Structure formats: C-alpha cells, structure tokens
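Data block below; observations after.
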C-alpha cells in the first residue's frame, strides 16, 4: 500500500515543478480549511436551531 502512494507521489512530482507543487499544496490546504469551517458553521447553526 505504501508503495502505491510512493508511485503516485513520484508521478505527481514529475508532472509539476516545485513551485506548482507548493501552489497546489497551499490551495488544497486552504480548501480543506474552508470545508472544515463550513462544516463547523453548519453544525453550530443546526444545533442552535434545535436548542431554541
């Protein structure tokens, strides 16, 4: 299983420059943060609706 992920990483590294990898990584990170934040907001909104 680990070998599979290493192969995927190698393909990704060969197809992108270092700068592109950094940009894609940052973009993915901030998209993940946005998703988690929206989940938290929706969860809080639904809880407050049922509490009142």
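Just so it is clear, none of the values below were taken in a lab; they were calculated from the coordinates. Fair warning: this is a prediction, and the values are worked out from it, not measured in the lab. Cβ coordinates were reconstructed from backbone atoms using ideal geometry, including for glycine residues, and neighbour counts include every protein chain displayed.
A few points about this structure:
- Among residues of the range 10-52, those that are loosely packed, with under 10 Cβ neighbours inside 10 Å and either in contact (Cβ under 8 Å) with a residue 12 or more places away in the chain or outside any helix (DSSP H, G or I) (or both), counted: 2
- Candidates 3, 29, filtered to the one that is at negative phi and over 16 Å from the mean Cα position of the chain (by Cα): 3
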